[in-house]
Amino acid sequence: MSAPQPLLGLEGVSKRFVRRLDLAERIAARLGARLRDQVVHAVEEVDLAVAEGEVVGLVGESGCGKSTLGRVVAGILPASEGRLTYRGKDITKAAGAEAKKAALKIQMIFQDPFASLNPRLKVAEIVGEAPLVHGLVGRAELADYVDEVLTSVGLDPSYRRRYPHQFSGGQRQRVGIARALAVRPEFLVCDESVAALDVSIQAQVLNLFMELRERFDLTYLFISHDLGVVEHLSDRVVIMYLGRVVEIAPTEQLFAGANHPYARALLAEVLRIDSRHRIFKPVEGEIPSPLDPPPGCAFHPRCPHAIGRCRVERPLLKQIAPGRYSACHLNDQS
Amino acid sequence: MARTAEPLLRVEQLETQFFTRAGVARAVDGVSFEVARGEVLGLVGESGSGKSVTGFSILGLVDPPGRIVGGRVLLEGENLVDAGERRLRALRGNRIAMIFQDPMMTLNPVLRIDTQMIEAVRAHHGVDRAEARRRARDALGRVGIPAPEERLSAYPHQFSGGMRQRVAIAIALLNEPAVIIADEPTTALDVTIQAQILYEMQKLCGESGTALVWITHDLAVVSGLADRVCVMYAGRIVESGPVDAVLDRPRHPYTAGLIGSVPSRNRRGVPLAQIPGMTPSLLALPGGCAFRTRCPNAEADCAAEPPAERRPEAGRTLRCHHPVGEAVS
């Protein structure tokens, strides 16, 4: 093998949500009504390898499937198709102790620090429950361990008897991070983890993520719609549109010039504090429904460069330069 | 009266307080600013800075336990603070309109779009239904909604989030108001949809000369859209001025800190410049300058008394004892 083994590998991972017909609809369908199961193709055939110690930014707009992909990676949702590997081992088929081990190594930090913490538990219980259950620490050492984890995320251990509602948004997000860190993970999936925070608090939490990465050798899948945040943190950026990956590139190269028309449009819309009095020239149209994606390239109805082929044939994700991948027919021309 | 020189909206020493059981929260504490015809003013601040309450106070929409306790809001010369509810109702949606972060605050979920829009026109103008409907259709077309005639008979839930916000903007524009107050209208939207909305707002304000107050926490939006900016902290405007001047040469340490914590302003990988601590509760503000506990420039005199507003240069205001770039005495 030429490349070192990735920490996390995704091969052809898809996730579909199906809404089956209810009884009345099934009867109607029997009688000739045109009704069928509704299938949302949330994530379609994603291939991705994340190296150890890497920070991969996953970017896209609402409904592009980035959060679903994050949940599949974190093991919260099972993949409908495809294979996930962790340190070379297939974790989609793993069972028992091995599955549990993989699940512990990958932890998730959620967007809403108000909804993701149990309001009836004290911070010490929120942070201490999982390591105790999984036998990482004994009951005797638990209090000290919780204090240590709280300190590592910048919370005063004397807060351990408090309830989530007694914290501000930024502190609550720190509790969420402490909970994830308490089981000594290697891989963190952060789903819009700073989106709900004020700018000055967001900077504090982003700095904490970077500090923790150094200290615990963490690998991140950092999901965000905020390209500024992703640019700052990530080594590599993955851009999704309507369930599919459209471009993968090292961060500097992507921000120097994206290849895929959607990626270019997205980058052009990023508002920067240095771009004054700009004339906005937006991409037309909206993201199509994943219930009924357009044929061919999903972006073609909004793409200014679409050609005939884009309407009929789906472009595959191809390598266009070392480490850079893009799914666009225009790369075959020239 | 020289109509051109007079600002469309002038807020003078506005004070709004919330009388809660735990004490009096001074959510808006002596805020003054003005907006001229065709001008875009960005009102920037973090959660709890009083920026939204300022917006609500201008339209007289503060509910108990909140109350405007002082100051004036002059809309085309008329003081809205003294105006009765009847007069306010005649002005809201007519001469002054508001766009909310959540468009469902504007839209009634059980009424069709045309019903809501025709009502908004006919409440202020004596026109017949056909004319009101025509105006509604034109307004939808102006904000970039495709097939406005068909969309008029749809219900709010049949629109996407971005389209719904456009409908809310169309309703705000319906009676060609002199002033629009927009409270974080693009915060919940995606990047490409946000750009579409900003594009429409920019075009419409440029064409009609509507004065726009854009309330947001996002400095990048202000930088792209606004002509002038007011930065709020704990109920006060701590710094204001032209966008270029304030963002390029911030004088207040809070403004400088906010700009410093924007990721794109920092080099990749290096820690972000962060403001320590968090926004204090309005019920327990530190004495003197409210920012002093988080401020890198704070000295003993900052605790003694709150800094008065001064004008460091033409067109700018500042409330700080020890501004950025001033030698410590």
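The values are calculated or read from the model by the stated rules, or taken from the named source; none is laboratory data. If you're wondering where the values come from, they're calculated on a predicted model, not measured in any experiment. Using ideal geometry, Cβ is built from the backbone for each residue, glycine included, and neighbour counts are taken over all protein chains shown. Surface areas here come from the heavy atoms of the whole protein model, side chains and all, with no ligands, DNA or RNA. Shrake-Rupley method; radii C 1.70, N 1.55, O 1.52, S 1.80 Å.
Are there any strands (runs of 3 or more DSSP E) wholly within segment A:35-121 with 1 or more residues that are touching a strand residue (DSSP E or B) at 6+ places or on another chain (Cβ under 9 Å) and either free of Cβ contacts under 8 Å to residues at least 24 places away in the same chain or of a type in the set (S, T, N, Q) (or both), and if so which?
A:38-50, A:81-86, A:106-109
Hey, does segment B:127-137 have a residue that's within 30 Å of residue A:225 (Cα to Cα) and buried (at least 18 other Cβ atoms within 10 Å of the Cβ)?
no
Inside segment B:59-109, can you point out the residues that are of a type in the set (Asp, Glu) and assigned to a loop (DSSP other than H, G, I, E, B)?
B:63, B:76, B:82, B:102
How do the pairs read when you match residues in segment B:76-87 that are under 14 Å from residue B:179 (Cβ atoms) and open to solvent by less than 60 Å² (accessible area, probe 1.4 Å) with residues anywhere that are aliphatic (A, V, I, L, M) and in a loop (DSSP other than H, G, I, E, B), using Cβ under 7 Å and keeping only pairs 6 or more apart or on different chains?
Listed by first residue and then by second, the contacts come to B:76/B:8; B:76/B:178.
Test residue A:75 against the criterion of being on the phi > 0 side of the Ramachandran plot, in contact with a helix residue (DSSP H, G or I) (Cβ under 8 Å, 6 or more places away or on another chain) and at pLDDT 85 or above, and give yes or no.
yes
Of the residues A:216, A:222, which single one is open to solvent by 40 Å² or more (accessible area, probe 1.4 Å) and more than 7 Å from every other protein chain (Cβ to nearest Cβ)?
Being open to solvent by 40 Å² or more (accessible area, probe 1.4 Å) and more than 7 Å from every other protein chain (Cβ to nearest Cβ) holds for just one of A:216, A:222, which is A:216.
How many of the residues in segment B:212-238 are more than 12 Å from chain A (Cβ to nearest Cβ) and in contact with a Lys or Arg (Cβ under 6 Å, 6 or more places away or on another chain)?
As a first pass, look at segment B:212-238 and keep what is more than 12 Å from chain A (Cβ to nearest Cβ): B:212-215, B:230, B:232, B:234-238.
Still in the running and in contact with a Lys or Arg (Cβ under 6 Å, 6 or more places away or on another chain): B:215, B:232, B:235, B:238.
The total comes to 4.
Write out, first by first residue and then by second, each pair whose Cβ atoms fall under 9 Å of each other, whose residues are 6+ apart or on separate chains, and whose first residue, in segment A:152-179, is within 20 Å of residue A:132 (Cα to Cα) and free of Cβ contacts under 8 Å to residues at least 24 places away in the same chain while the second is in a helix (DSSP H, G or I) and open to solvent by less than 10 Å² (accessible area, probe 1.4 Å).
Filtered contacts from segment A:152-179: A:157/A:146; A:157/A:150.
Among A:276, A:244, A:324, A:272, which is touching a strand residue (DSSP E or B) at 6+ places or on another chain (Cβ under 9 Å) and surrounded by fewer than 21 Cβ atoms within 10 Å (Cβ to Cβ)?
A:324
As an exercise: evaluate residue B:146 against (1) touching a Leu at 6+ places or on another chain (Cβ under 7 Å); (2) within 14 Å of chain A (Cβ to nearest Cβ) and give the number of the one condition it does not meet.
(1) is the only condition that residue B:146 fails.
Looking for whichever is under 22 Å from residue B:187 (Cβ atoms), within 13 Å of the chain's Cα centre (by Cα) and of a type in the set (Val, Ile, Thr) here; the options are B:11, B:53. Which one fits?
On the way: B:11 fails: under 22 Å from residue B:187 (Cβ atoms).
On inspection, the qualifying residue turns out to be B:53.
Need the failing condition index for residue B:34 against (1) within 27 Å of residue B:262 (Cβ to Cβ); (2) without any contact (Cβ under 8 Å) to a residue 60 or more places away in the chain, just the number.
(1)
Step by step: first the residues of segment A:289-303, then only those that are touching a helix residue (DSSP H, G or I) at 6+ places or on another chain (Cβ under 7 Å) and in contact (Cβ under 8 Å) with a residue 24 or more places away in the chain, then the one that is least open to solvent (accessible area, probe 1.4 Å). Which residue is that?
First pass over segment A:289-303, keeping only residues touching a helix residue (DSSP H, G or I) at 6+ places or on another chain (Cβ under 7 Å): A:294-297, A:299-300, A:303.
Cutting the leftovers down to in contact (Cβ under 8 Å) with a residue 24 or more places away in the chain gives us A:297, A:299, A:303.
Details: A:297: 20, A:299: 4, A:303: 27 Å².
Ranking the qualifying residues of segment A:289-303, first place goes to A:299.
If you take the residues of segment A:281-299 that are in contact with an Asp or Glu (Cβ under 8 Å, 6 or more places away or on another chain) and at the interface with chain B (Cβ under 8 Å from one of its Cβ atoms), which of them is nearest to residue B:247 (Cα to Cα)?
This residue is A:282.
Just to check your reading of the model, which residue among B:68, B:118, B:96, B:145 is over 25 Å from the mean Cα position of the chain (by Cα) and among the aliphatic types (A, V, I, L, M)?
Checking each option against the conditions leaves just B:118.
For segment A:225-246, indicate whether the set of residues that are in a helix (DSSP H, G or I) and over 19 Å from residue B:258 (Cα atoms) is non-empty.
No.
Quick one: in segment A:140-169, which of the residues that are within 14 Å of another protein chain (Cβ to nearest Cβ) and of a type in the set (S, T, N, Q) is surrounded by the most Cβ atoms within 10 Å (Cβ to Cβ)?
If we take residues in segment A:140-169 being within 14 Å of another protein chain (Cβ to nearest Cβ) and of a type in the set (S, T, N, Q), then A:168 is surrounded by the most Cβ atoms within 10 Å (Cβ to Cβ).
State the number of residues belonging to segment A:199-209 that are at the interface with chain B (Cβ under 9 Å from one of its Cβ atoms), farther than 24 Å from residue A:266 by Cβ and buried (at least 19 other Cβ atoms within 10 Å of the Cβ).
Summing the residues that are at the interface with chain B (Cβ under 9 Å from one of its Cβ atoms), farther than 24 Å from residue A:266 by Cβ and buried (at least 19 other Cβ atoms within 10 Å of the Cβ) in segment A:199-209 gives 3.
Restricting attention to segment B:239-286, which residues are at the interface with another protein chain (Cβ under 9 Å from one of its Cβ atoms) and of a type in the set (Val, Ile, Thr)?
B:243, B:259, B:262, B:270, B:275, B:279
Under 7 Å between Cβ atoms, which residue pairs at least 6 apart in sequence (or on different chains) link something in segment B:181-195 that is touching a residue at least 40 places away in the same chain (Cβ under 8 Å) with a partner that is among the β-branched types (Val, Ile, Thr) and in a helix (DSSP H, G or I)?
These pairs meet every condition: B:181/B:58; B:185/B:197.
Taking residue B:180 as the residue in question, decide whether it is β-branched (Val, Ile, Thr) and in a strand (DSSP E or B).
Yes.
What residue, of A:98, A:44, A:81, A:54, is over 16 Å from residue A:222 (Cβ atoms) and open to solvent by less than 60 Å² (accessible area, probe 1.4 Å)? Working first, answer last.
Details: A:98 fails: open to solvent by less than 60 Å² (accessible area, probe 1.4 Å); A:81 fails: open to solvent by less than 60 Å² (accessible area, probe 1.4 Å); A:54 fails: over 16 Å from residue A:222 (Cβ atoms).
A:44 is the lone residue from the list that is over 16 Å from residue A:222 (Cβ atoms) and open to solvent by less than 60 Å² (accessible area, probe 1.4 Å).
Counting only residues that are open to solvent by 50 Å² or more (accessible area, probe 1.4 Å) and in contact with a helix residue (DSSP H, G or I) (Cβ under 8 Å, 6 or more places away or on another chain), which one in segment B:25-47 is modelled with the highest pLDDT?
Here the residue is B:26.
Does at least one position in segment A:170-181 carry a residue that is open to solvent by 50 Å² or more (accessible area, probe 1.4 Å) and more than 25 Å from the chain's Cα centre (by Cα)?
no
Out of the residues in segment B:215-248 that are of a type in the set (Asp, Glu) and either open to solvent by less than 10 Å² (accessible area, probe 1.4 Å) or under 14 Å from the mean Cα position of the chain (by Cα) (or both), which is farthest from residue B:308 (Cα to Cα)?
Ranking the candidates gives B:218 first.
Quick check on residue A:18: is it in contact (Cβ under 8 Å) with a residue 60 or more places away in the chain, open to solvent by 10 Å² or more (accessible area, probe 1.4 Å) and either part of a strand (DSSP E or B) or not polar (S, T, N, Q) (or both)?
no
Hey, among the residues in segment A:251-263 that are surrounded by 17 or more Cβ atoms within 10 Å (Cβ to Cβ) and in a helix (DSSP H, G or I), which one's nearest to the other protein chains (Cβ to nearest Cβ)? Before the answer, list the steps.
In the first step, residues of segment A:251-263 are kept if they are surrounded by 17 or more Cβ atoms within 10 Å (Cβ to Cβ); the result is A:251, A:254-255, A:258-263.
Within this subset, residues satisfying the condition of being in a helix (DSSP H, G or I) are A:251, A:254-255, A:261-263.
On the way: A:251: 7, A:254: 12, A:255: 9, A:261: 12, A:262: 9, A:263: 12 Å.
Across segment A:251-263, the extreme among qualifying residues is A:251.
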